[in-house]
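The values are calculated or read from the model by the stated rules, or taken from the named source; none is laboratory data. Bear in mind the structure is a predicted one, so any value in this text is a computation, not a measurement. Methodologically, a virtual Cβ is constructed for each residue, glycine included, from the backbone with ideal geometry; neighbour enumeration extends over all protein chains shown. Ligands, DNA and RNA are stripped out before the accessible areas are found, and what is left, the full protein with its side chains, is counted by its heavy atoms. Shrake-Rupley method; radii C 1.70, N 1.55, O 1.52, S 1.80 Å.
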Amino acid sequence: MFDLLADPNVWASLLTLTALEIVLGIDNIIFISIMASKLPAHQQHKARQVGLALALLTRLMLLASIAWVAQLTQPMFTILGWAVSGRDLILIGGGLFLLAKGTLEIHHTVEGHEEEGAAPKIASFRSVVIQIMFLDIVFSLDSVITAVGMSDHLPVMIAAVVIAMAVMLFASGPVGDFVNRHTTVKMLALSFLLLVGVALVADGIGFHIPKGYLYFAIAFSALVESLNLMALARRKKAAGH
């Protein structure tokens, strides 16, 4: 253990891996925030905490079973020359779930209860946690595979995952509250989930979309929306005077 702490390469690996884990967890935070918003206000913070705790447990369990994770990348069967692995099936299933869930949430936001004059439907705590748990497995898979590929030391992988999850836990509250306050931001977040869903399905069928392209699109859209919100705040301030 002391040899690891004295090795600068280990510290460099820890910092790099932690940063990557945080970046890979952005879509997870967005999904958890949107799902938690379906609950009553007094349950939303607890749902975010439970969701991230489950995400941490999932990642640690996957790290502890590195041999099984490695087997997921091995072909299970072949369809028309396409070798299908367990990882492919998980990514395709998770991507399709994200596409369906994002589409339904967008429809509900645009043409939901406001149009019919009905009260908003409140989801159950259990159903929200189960959905968060399912997507955590999908998001954890690439996160863990990245960790395994970047470091040979299990303690370094575990430390990076724990640090990243602590950052996500701190950020989930402000992100969730911000998304709830601004409908346009929620629509943008749902669009991100659709984008991630398409990327997961594409990756599952063997068409890899570099994540740099996705993150650039997300960052650019977030920048534009930030400018819109700043302009709106200035207009409200000017109108107040």
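In the stretch 122-152, what residues are polar (S, T, N, Q), open to solvent by less than 10 Å² (accessible area, probe 1.4 Å) and either at pLDDT 75 or above or within 18 Å of Gly51 (Cβ to Cβ) (or both)? Before the answer, list the steps.
Of the stretch 122-152, the ones polar (S, T, N, Q) are 124, 127, 131, 140, 143, 146, 151.
So of that shortlist, the ones also open to solvent by less than 10 Å² (accessible area, probe 1.4 Å) come out as 140, 143, 151.
Correct list: Ser140, Ser143.
Among the residues of the stretch 195-216 satisfying the criterion of being open to solvent by less than 40 Å² (accessible area, probe 1.4 Å) and of a type outside the set (Val, Ile, Thr), which is farthest from Gly93 (Cα to Cα)? So that I can check it myself, show each step before the final result.
Of the stretch 195-216, the ones open to solvent by less than 40 Å² (accessible area, probe 1.4 Å) are 196-197, 199-204, 214.
When the remaining residues are screened for being of a type outside the set (Val, Ile, Thr), the result is 197, 199-200, 202-204, 214.
Numbers: Gly197: 9, Ala199: 12, Leu200: 9, Ala202: 11, Asp203: 11, Gly204: 9, Leu214: 20 Å.
Checking each candidate, the answer is Leu214.
Scan Asp88, Asp27 and give me the residue that is at pLDDT below 80, under 17 Å from Leu200 (Cα atoms) and open to solvent by less than 40 Å² (accessible area, probe 1.4 Å).
Details: Asp88 fails: at pLDDT below 80.
Among Asp88, Asp27, only Asp27 is at pLDDT below 80, under 17 Å from Leu200 (Cα atoms) and open to solvent by less than 40 Å² (accessible area, probe 1.4 Å).
Does the stretch 110-118 contain any residue that is under 20 Å from the mean Cα position of the chain (by Cα), open to solvent by 50 Å² or more (accessible area, probe 1.4 Å) and modelled with pLDDT under 75?
No, because not a single residue in the stretch 110-118 is under 20 Å from the mean Cα position of the chain (by Cα), open to solvent by 50 Å² or more (accessible area, probe 1.4 Å) and modelled with pLDDT under 75.
Does Ala70 count as modelled with pLDDT of 80 or more and on the phi < 0 side of the Ramachandran plot?
Values: modelled with pLDDT of 80 or more: no; on the phi < 0 side of the Ramachandran plot: yes.
In short, no.
List the number of the failed condition for Lys101; all other conditions in (1) at pLDDT 65 or above; (2) over 19 Å from the mean Cα position of the chain (by Cα) hold.
Every condition holds for Lys101 apart from (2).
Quick one: which of Ala239, Ala166, Ala171 is open to solvent by 40 Å² or more (accessible area, probe 1.4 Å), modelled with pLDDT of 75 or more and closer than 21 Å to Thr58 by Cβ? Let's see the steps before the verdict.
Working: Ala239 fails: closer than 21 Å to Thr58 by Cβ; Ala171 fails: open to solvent by 40 Å² or more (accessible area, probe 1.4 Å).
So the residue among Ala239, Ala166, Ala171 that is open to solvent by 40 Å² or more (accessible area, probe 1.4 Å), modelled with pLDDT of 75 or more and closer than 21 Å to Thr58 by Cβ is Ala166.
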